[in-house]
Structures are given as C-alpha cells and as structure tokens.
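What follows is a set of notes on a single structure, which appears directly below.
Laboratory data are not the source of any read-out in this text; all were calculated from the coordinates shown. No experiment lies behind these values; they were computed from the predicted model shown. Glycine also receives a Cβ, built like all others from the backbone with ideal geometry; neighbour counts cover every protein chain displayed.
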Ligand code: CA
C-alpha cells in the first residue's frame, strides 16, 4: 500500500510517516503543495493524507487539481483547527474524510484502512498469483501488466482455480461455474478448457495439475 503524506509540520509528519511505515505502508512524505502536485502527477497512490495549510500551494488547490485530473485515490484531509468551513470546503472538493488536529495516530490509521477498503471494493476485486492478475469485475486477465485474452469459459475456469489457490478444485465445482455458459457441461469439455489453460499458463511458470479422482490444482513451477 502506497500512501502520499502531505504535511509541512516536521514533527507531525515524522510521527505519521514512522507509524505508517511500521504498519506496513510505503510512505512518500512531501512537505509542500507543489511537491504534492508533482508526486500525484508521477505516481499512483492507494491513499493521500493531505494537510490543508501548506507552503506554495494549499491543500484545497492540490485536491482540486488532482480531482480535475481524475486521480481518484481516497483523500483524508487534516484541518488545523475545528474549522467547519474548511471541512465542508474540503469534502466539497472531493476529500473522502477528514481529521481535526490534534488526533491520535491509531485513529488516522483506522480511517485510512476504511478508505482503502472502500476504494478497493469500488474498483472491483482482483486476485494475484505469480505474474497473473485477474480482475473479477472487468473479467480481465493481465500478465505482467499486459492483457491476455481468454474465452469466457476459460476465464471462468481460471477464476475458479485462482479463487481456491492451494486447494484442489473438483470437476463438479468447475461444471457449476460453467453452467452460466453451457447447458450441461460434460467432463470432456472441462478437460478441453483445462488443456487450453495449461498451454497458456505453462510458459508463465504456472501449472494446472490433475489430481486423479479429485480435480485440479494450480501450482507455480519449481524454479
Ligand atoms: Ca500545515
């Protein structure tokens, strides 16, 4: 998880960035609005923590510009005082949440988790396995960032295998997944789809093992 932290107060910025780092976030900490604007141009973030009172360009302007560029990462604004007008203005400009200084770090982290969770749910869930990223909302498979074409049936079989990585998937479960497409899918048809997937996945270092009598299992090739 990559966070952009925009805060000109050295002590507060240091405390937030240390604490977020410790909790497994990658933090880019910038100290003024101009640096924030550049960072938001050059990188993709999972969330932004944005102070409003900033040197060079204020937080409202940073927010306005990023939303104008359709950068939709969730933004939590930090307001210096209990200023209702600032909070309303920030939310109107596209902030997702706010915190009033002073605040406790665990509260910041809880709000950050909630925003990231909500955003991921909106973006649609993905499954990653080795070089594969399967987006279940867009029904799209990418391999090292490049889209790989699959037929809808192959996609359904792969989705079934990927959503149960580490477990054997029975032919019956695959039949059920494919019933959306075919009236009565036979075992032979499943073997055809498995065969096609094998040919596509093996060069990527991913094997589809047949577990006799039980079903199929996805496994990374030993390197
Ligand atoms: Ca400030």
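Annotations
- Placing dummy labels 7 Å off each Cα toward the beta-carbon, the span from residue 128 to residue 84 is 4.4 nm.
- Rounded to 10°, Cα long-axis angle of helix 105-123 versus longest principal axis of the chain: 40 degrees
- Helix-only [θ]222 nm of the chain, DSSP H runs n ≥ 4, -39500 (n - 2.57) each, per residue, nearest 500: -13000 deg cm²/dmol
- Cα centroid separation, the range 73-124 to the range 40-67: 13 Å.
- Principal-axis analysis of the Cα atoms of the chain puts helix 59-68 at an angle of about 30° to the longest axis.
- One decimal place: the segment residue 136-residue 119 gains 4.6 nm when fully extended, by the rule 0.36 nm per residue minus the C-alpha distance.
- Acute angle (nearest 10 degrees) that the helix 33-42 long axis makes with the longest principal axis of the chain, alpha-carbon atoms: 10 degrees
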